[in-house]
Amino acid sequence: MDNAPLLWVVLGLTAFGLLWIVVTYNGLVRHVNYCNDAWSDIDTELKRRYDLIPNLVETVKAYATHERTLMESVMRARSAAQASHGSPREQARDENVLVGQVRQVMAVAEAYPDLKAGRNFLALQRELTDTEDRIQRARRFYNANVRDLNTRIEVVPSNIIAGWFKFDKREYFEIDDVVQRNAPAMKL
């Protein structure tokens, strides 16, 4: 009977340890799900951009008939970005190319006053600007969730559970070129 208090202490510590493992594991799973949800927000906004670009290209193409090569390169960049399903770093690289191509289309549009004043073109500019803003918000939200997950994976003592259950750090969705950190310049 003298071992009864010791047994209760051991059982209590074991229960506490198991509870800590479960709570920590569930917290890591929750953060992984937050990251997945945030990434789907980025994906939704990127698809929205992909849907707008053909309309933009067609509108500009009607005015800038001699810019055929540029329009084709925009559509190639759109296809490459749309098909990119790699890591956030790989996808950001493809998005950078697409944004650069869209900027070139906007620069061409500057040379055509009738195009710049056209209702369809102005509406497309507004939609694209709004979409770029949404992408940036979704990117910041995703990166904040990645930061929180990566922190939980790295800090003691949750790093022990993360290691046991093979939780991996996530990549940030970052734009590499400082010049391209801003949305495409669109004058309304």
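The values are calculated or read from the model by the stated rules, or taken from the named source; none is laboratory data. All values derive from a computational prediction rather than experimental measurement. Using ideal geometry, Cβ is built from the backbone for each residue, glycine included, and neighbour counts are taken over all protein chains shown.
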- Message: Here's a check for you: in region 77-108, which residue that is surrounded by 13 or more Cβ atoms within 10 Å (Cβ to Cβ) and among the basic types (K, R) is modelled with the lowest pLDDT?
- Response: R103
- Item | Answer residue from region 1-41, given it is aromatic (F, W, Y) and surrounded by 15 or more Cβ atoms within 10 Å (Cβ to Cβ) and is nearest to I161 (Cα to Cα) among those | Y25
- Item | Flag for L7 being at pLDDT below 95, within 20 Å of Q125 (Cβ to Cβ) and not aromatic (F, W, Y) | no
- Task: Would you check if E127 is of a type outside the set (A, V, I, L, M) and at pLDDT below 95?
- Result: yes
- Message: Looking only at region 139-162, how many residues end up being buried (at least 19 other Cβ atoms within 10 Å of the Cβ) and farther than 29 Å from K47 by Cβ?
- Response: 5
- Residue list for region 119-138, filter: surrounded by fewer than 14 Cβ atoms within 10 Å (Cβ to Cβ), in contact (Cβ under 8 Å) with a residue 24 or more places away in the chain and within 17 Å of V60 (Cβ to Cβ): N120, R126
- In region 47-70, is there at least one residue being under 30 Å from D133 (Cα atoms), within 23 Å of the chain's Cα centre (by Cα) and among the small types (G, A, S)? no
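Are any residues in region 1-60 among the acidic types (D, E) and in a helix (DSSP H, G or I), and if so, which ones?
From region 1-60, those among the acidic types (D, E) are 2, 37, 41, 43, 45, 51, 58; that's our starting set.
Within region 1-60, D37, D41, D43, E45, D51, E58 qualify.
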- Wholly within region 88-182, helices (runs of 4 or more DSSP H) carrying at least 2 residues that are more than 30 Å from A64 (Cα to Cα) and over 20 Å from the mean Cα position of the chain (by Cα): 119-154, 158-164
- Message: Can you list residue pairs whose Cβ atoms sit under 6 Å apart, with the first residue in region 49-63 being in contact (Cβ under 8 Å) with a residue 24 or more places away in the chain and the second being of a type in the set (V, I, T)? Count only pairs 6 or more apart in sequence or on different chains.
- Response: R49/T131; V57/V74; V60/V105
- Query: What are the residues in region 62-87 that are in a helix (DSSP H, G or I) and under 19 Å from F173 (Cα atoms), if any?
  - Reply: A77, R78, A80, A81, Q82, A83
